[in-house]
């Protein structure tokens, strides 16, 4: 069996062996219900609270502002629905290049609350939000506003300037929500300094377990839960806590923070090498920014020219043992550019592939990718 070259880390990551060890320990020994008052329950509760502290320290947040969920999608849904009902949000400003968990929730809210004003800003050429346009939209609107923006775009890798956006929001009295699924643990995020009111993240993007995520809620903008049950997570999120998943999330975060500088350096070494190597192919273009100051080191969106073989690139890469993602969305069997590519005016005749790396990606894997693409194209 041939060795698989995995270049789809933006989709998900394998579990770090240290995370597996931590989770195995909890699964084997610490099976108590955190809501139980006996010794086994108290031990499980201690694991959850220790995990909360680790994650709060990374975000420079208060421990009481961190809530564990099943992932960023649930957290996003909770914030958007509850902010309308709990905080009286009357308008939401977002962008046309957000993750579907945001855009689909906005569609739902639009049907449920006809009076809600929803503004989707177009991205700048590099795929990030235009701060001047955001400022203008904040100035002209009336009603309590929530600004919901992705930190690192999951298709392009473009990074939004959280600090500048946070300052703009506070200047105009708007609340600020951040989808940090692609950047959590990869870059420093300081929720108080950046004036962030809400933040979402998932463990599985960070070499942690699937099915575990978090919701940061600034205590000054507290919202109500969207479904009811027990009093877990201080009444914010009903249901028995996923103790081993939470422990794995915290361990993945702890390791990521410890190794952050080293990982960033390795990622940019790989990405820079990939850009140079792929540029040797005929008529290759890169979507969004490829500059270190405004793009993620682990995501590279590559556009290939139209050809009889270009539609089968992902399929042929898979046959060669290389895992990557198409930059297109398939609907009813007809493949077309994703909403993100359409928003940046990508030529629909060209084929886009998203390659995403980790600190474990090897130069030799990039070499094999380029040689494989030469044979395919």
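Of note, residue 93 satisfies the criterion of being touching a strand residue (DSSP E or B) at 6+ places or on another chain (Cβ under 6 Å) and either in a helix (DSSP H, G or I) or modelled with pLDDT of 95 or more (or both). Considering 149, 131, which residue is touching a helix residue (DSSP H, G or I) at 6+ places or on another chain (Cβ under 6 Å) and either touching a residue at least 12 places away in the same chain (Cβ under 8 Å) or crowded, with 23+ Cβ neighbours inside 10 Å (or both)? Going through 149, 131 in turn, the sole match is 131. Restricting attention to the stretch 191-206, does a residue exist that is modelled with pLDDT of 95 or more and surrounded by fewer than 15 Cβ atoms within 10 Å (Cβ to Cβ)? Within the stretch 191-206, one or more residues are modelled with pLDDT of 95 or more and surrounded by fewer than 15 Cβ atoms within 10 Å (Cβ to Cβ).
Which residue is surrounded by the fewest Cβ atoms within 10 Å (Cβ to Cβ), if the candidates are limited to the stretch 96-121 and must be within 17 Å of the chain's Cα centre (by Cα) and not in a helix (DSSP H, G or I)? For the stretch 96-121, the residue satisfying everything is 96.
Residue by residue, here is whether (1) in contact with a helix residue (DSSP H, G or I) (Cβ under 8 Å, 6 or more places away or on another chain); (2) crowded, with 17+ Cβ neighbours inside 10 Å; (3) assigned by TED's automatic domain parsing to the domain that holds residue 350 holds:
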site: 252; (1), (2), (3): yes, yes, no
site: 274; (1), (2), (3): yes, yes, yes
site: 283; (1), (2), (3): no, no, yes
site: 287; (1), (2), (3): yes, yes, yes
site: 300; (1), (2), (3): yes, yes, yes
site: 305; (1), (2), (3): no, no, yes
site: 309; (1), (2), (3): yes, no, yes
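Of the numbered criteria (1) farther than 22 Å from residue 45 by Cβ; (2) in a loop (DSSP other than H, G, I, E, B), the one residue 225 fails is (1). Being within 16 Å of residue 54 (Cα to Cα) and in a helix (DSSP H, G or I) is not true of residue 208.
Inside the stretch 154-173, can you point out the residues that are outside any helix (DSSP H, G or I) and either more than 15 Å from residue 271 (Cβ to Cβ) or touching a helix residue (DSSP H, G or I) at 6+ places or on another chain (Cβ under 6 Å) (or both)? Correct list: 154, 155, 159, 160, 161, 172, 173. Pairs needed: first member in the stretch 57-85, part of a loop (DSSP other than H, G, I, E, B); second member anywhere, surrounded by fewer than 19 Cβ atoms within 10 Å (Cβ to Cβ) and at pLDDT below 95; C-beta distance under 7 Å; at least 6 residues apart or different chains. Between residues of the stretch 57-85 that are part of a loop (DSSP other than H, G, I, E, B) and residues that are surrounded by fewer than 19 Cβ atoms within 10 Å (Cβ to Cβ) and at pLDDT below 95, the close pairs are 62/219. In the stretch 1-17, the residues that are at pLDDT below 95 reach residues that are surrounded by 20 or more Cβ atoms within 10 Å (Cβ to Cβ) with C-beta atoms within less than 8 angstrom, at least six apart or across chains, in these pairs: 4/322.
Residues are listed down the side, and each one gets a yes or a no for (1) in a loop (DSSP other than H, G, I, E, B); (2) at pLDDT 95 or above:
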site	(1), (2)
293	no, no
306	yes, no
312	no, no
317	no, yes
335	no, no
342	no, no
348	yes, no
360	yes, yes
364	no, yes
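Restricting the stretch 212-222 to residues that are surrounded by 16 or more Cβ atoms within 10 Å (Cβ to Cβ) and not in a strand (DSSP E or B) leaves a set whose member that is nearest to the chain's Cα centre (by Cα) is 212. Is there a residue in the stretch 18-40 that is over 16 Å from residue 209 (Cα atoms), assigned to a helix (DSSP H, G or I) and touching a residue at least 40 places away in the same chain (Cβ under 8 Å)? So far as the stretch 18-40 goes, no, none of its residues is over 16 Å from residue 209 (Cα atoms), assigned to a helix (DSSP H, G or I) and touching a residue at least 40 places away in the same chain (Cβ under 8 Å). Is it true that some residue in the stretch 269-286 is at pLDDT 95 or above, out of contact with any strand residue (DSSP E or B) (no Cβ under 9 Å at 6 or more places or on another chain) and over 29 Å from residue 3 (Cβ atoms)? Looking through the stretch 269-286, none of the residues is at pLDDT 95 or above, out of contact with any strand residue (DSSP E or B) (no Cβ under 9 Å at 6 or more places or on another chain) and over 29 Å from residue 3 (Cβ atoms). With respect to being part of a loop (DSSP other than H, G, I, E, B) and under 25 Å from residue 296 (Cβ atoms), residue 239 falls outside the description.
The values are calculated or read from the model by the stated rules, or taken from the named source; none is laboratory data. Worth saying up front: this structure is predicted, and the values here are computed from it rather than measured. A quick note on method: Cβ atoms are made from the backbone with ideal geometry, for glycine too, and the neighbour counts reach across all protein chains shown.
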